[in-house]
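Everything on this sheet refers to the single structure shown next.
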Amino acid sequence: MTGKAKPKKHTAKELQAKIDAALTNRGGGKAGVADRTGAVKGGHAKMECHLCKVTAPDVKSIQIHHEAKHPKIPFDESKIINLHASTSTSTSDPNKTKAPPGIRGSLKK
């Protein structure tokens, strides 16, 4: 027997959240390695540090990384490597579109 205030069964919201969590690619493990590297399918790691090859999604993140990890070297935005610019995209077939990255954004809206 359960207490007064405890529901006996799971709610539809809980069940849907459980199914969604199990079936949605969050970008971890082997499934999300392409998204994290940034080279394939235009993943989230767009910029690369020219000193240590660490990837980040934008210039601001690279600047924060640079100030933390390379404090003695001055930050130069022109030396940042853009991984999306170096990937080759064939636009000969308009029906073939690039698949979006598998990592979902924030659940908070």
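The values are calculated or read from the model by the stated rules, or taken from the named source; none is laboratory data. Remember, predicted model here, so these are calculated numbers, not experimental data. Cβ coordinates were reconstructed from backbone atoms using ideal geometry, including for glycine residues, and neighbour counts include every protein chain displayed.
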**Q.** Residue check, Lys53 at positive phi, part of a loop (DSSP other than H, G, I, E, B) and modelled with pLDDT of 85 or more
**A.** yes
Q. Can we say Gly43 is modelled with pLDDT under 90, assigned to a loop (DSSP other than H, G, I, E, B), within 11 Å of Leu83 (Cβ to Cβ) and not polar (S, T, N, Q)?
A. yes
Q. Does any residue of region 66-76 turn out to be surrounded by fewer than 10 Cβ atoms within 10 Å (Cβ to Cβ), among the acidic types (Asp, Glu) and at pLDDT 85 or above?
A. yes
Q: With respect to Arg36, determine if the residue is in a helix (DSSP H, G or I) and at pLDDT below 90.
A: yes
Q. Can you name the residue in region 1-33 that is surrounded by 10 or more Cβ atoms within 10 Å (Cβ to Cβ), modelled with pLDDT under 80 and in a loop (DSSP other than H, G, I, E, B) and, of all such residues, is farthest from the chain's Cα centre (by Cα)?
A. Thr24
